[in-house]
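Here's the structure we're looking at; comments come further down.
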Amino acid sequence: MTTADPSLIPLHRLSFEEPGPPRLGELPGGAPAWLVSRYADVRQVLSDPRFGRSRLYAVDAPALSDVPDLVNDPDLMFNQDGPDHLRLRRTLRRAFTPRAVARWRPWIAAIVEERLDRLEERGQPADVVEEFTLPLPVAVISRLMGLDAAARDRMRHWSEHAFSDGSHGGEEVEAVLKEFSAFGAELLTERRRSPADDLISSLVRAADEEGGLPEAQLVSLVCGLVVGGHDSTMTMLGNALLYLLGERPESWPRIGADEDAAGRAADRLIHLVPLGDDRGTARHAAADVEVGGVVIPAGAVVLADCGAANRDPAVFPRHTREDLFAPLEAPTLSFGAGAHYCLGAWLARTELQLALHRLSARFPELCLAEPVDAVVWRTGTTSRSPRRLGVRW
């Protein structure tokens, strides 16, 4: 009997081990790491400042990736700790509050409607990835950051290398990231010279007020916003549609008829469908810390398995796990927790809710034009979603 290729399994079908006490395992390269999987334990690791990110990139630390990528850039905000991290985070925090995102909601909705018009004009069967799930978040982040058409055209190329899963050559990734960093640096220079009404100009003003922020960290922040601002939403939306249309078609009309229900469904989908096959977010223990009755020693690498924690039956009962319209019993860990909680979480949720609600309202009889198992997957990056998804209505 052959084992199915994990890269061909829809992400909503991935299996997770039953959450249990912290145990010793290993990183992909073989170095030891502690695996944490229960909800309370994962939340503790992500929230306790003794578990940081910056020490993961010390000279003597085991490599987390075989090739360079943006995620493992020490200058990235996500990889900073303490005062350095807080100073960077303060430059963005006000821009992504629920109140700020609520002000953006009308123009995000307008972009959704524009993409739906194009999808309808395209005729059926149509590729909903090409016509909707990819161009929608690209258009939103481009509007938010004031990016031109040339940048939009390069965005997917940058993302595929910034989030490479190791299948791209090291020299190739390094060259693309060098080009991407040059773009980020030029964008900052341009906004300093000619401020506009966009997120980058706000970032430049906030950084000047904060003072003392290294330029390399600002460049990494800009690059992270460009690619992270569309890749995660594109991935979530494509995987959500595959699950809803392929395995939960009875729920589709309700998502279009009730915007609040669409919001609850978006929350549940974000919670249950991971962005990729990676099973843990890494942290470094600065001291001996007891987690779930087990002492994790100072200097250890810890992998916090958010996917397993989001399925912990002690917190999320099995009888409501598949109820798309039931409110979550506890905050999801899909966006992390603690100091590194994803700043773009509210924007991502808003985009997913609006996209699903309006797509269902416009096309209540939307269905897949091919079986779920026939889907060709976008691979080569740490996130995974359908490369194309044929639909009819």
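The values are calculated or read from the model by the stated rules, or taken from the named source; none is laboratory data. Keep in mind the model is a prediction, meaning the values are calculated, not measured. Glycine gets a Cβ as well: all are built from the backbone with ideal geometry, and neighbour counts include every protein chain shown. All accessible areas refer to the heavy atoms of the entire protein, side chains included, with ligands and DNA or RNA removed. Shrake-Rupley method; radii C 1.70, N 1.55, O 1.52, S 1.80 Å.
Taking D73, is it charged (D, E, K, R), out of contact with any Gly (no Cβ under 8 Å at 6 or more places or on another chain) and modelled with pLDDT under 85? Spelling it out, D73 is indeed charged (D, E, K, R), out of contact with any Gly (no Cβ under 8 Å at 6 or more places or on another chain) and modelled with pLDDT under 85.
Rundown of residues vs (1) farther than 25 Å from E370 by Cα; (2) open to solvent by less than 30 Å² (accessible area, probe 1.4 Å); (3) of a type in the set (A, V, I, L, M, F, W, C), yes/no style:
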site	(1), (2), (3)
L86	yes, no, yes
T97	yes, no, no
I111	yes, yes, yes
E114	yes, no, no
R118	no, no, no
R122	no, no, no
L144	yes, yes, yes
D153	yes, no, no
S159	yes, yes, no
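The combined condition, being closer than 23 Å to V226 by Cα and of a type outside the set (A, V, I, L, M), is not fulfilled by R311.
With respect to (1) in contact with an Asp or Glu (Cβ under 7 Å, 6 or more places away or on another chain); (2) modelled with pLDDT of 95 or more, the lone exception for S220 is condition (2).
Of everything in region 285-302, what is open to solvent by 30 Å² or more (accessible area, probe 1.4 Å) and not charged (D, E, K, R)? Give them in sequence order. Across region 285-302, the qualifying residues are A286, A287, G292, G293, V294, V295, P297, A298, G299. Of the residues making up region 246-271, those that are more than 17 Å from C342 (Cβ to Cβ) and open to solvent by 20 Å² or more (accessible area, probe 1.4 Å) are G246, E247, R248, P249, E250, P253, R254, A257, D258, E259, D260, R264. Consider region 338-377 and keep the residues that are crowded, with 17+ Cβ neighbours inside 10 Å and among the basic types (K, R). The one that is farthest from the chain's Cα centre (by Cα) is R358. Each residue in region 187-199 was checked for being open to solvent by 20 Å² or more (accessible area, probe 1.4 Å) and outside any helix (DSSP H, G or I), and 4 of them qualify.
Filtering region 22-32 to residues that are modelled with pLDDT of 95 or more and under 14 Å from G299 (Cβ atoms) leaves only L24.
Here S167 meets the list (1) in contact with a helix residue (DSSP H, G or I) (Cβ under 9 Å, 6 or more places away or on another chain); (2) not in a helix (DSSP H, G or I) almost entirely, failing just condition (1).
Restricting attention to region 24-53, the residues that are buried (at least 17 other Cβ atoms within 10 Å of the Cβ) and more than 17 Å from D312 (Cβ to Cβ) total 6. Note on region 200-301: enclosed strands (runs of 3 or more DSSP E) holding 1 or more residues that are charged (D, E, K, R) are 281-285, 289-291.
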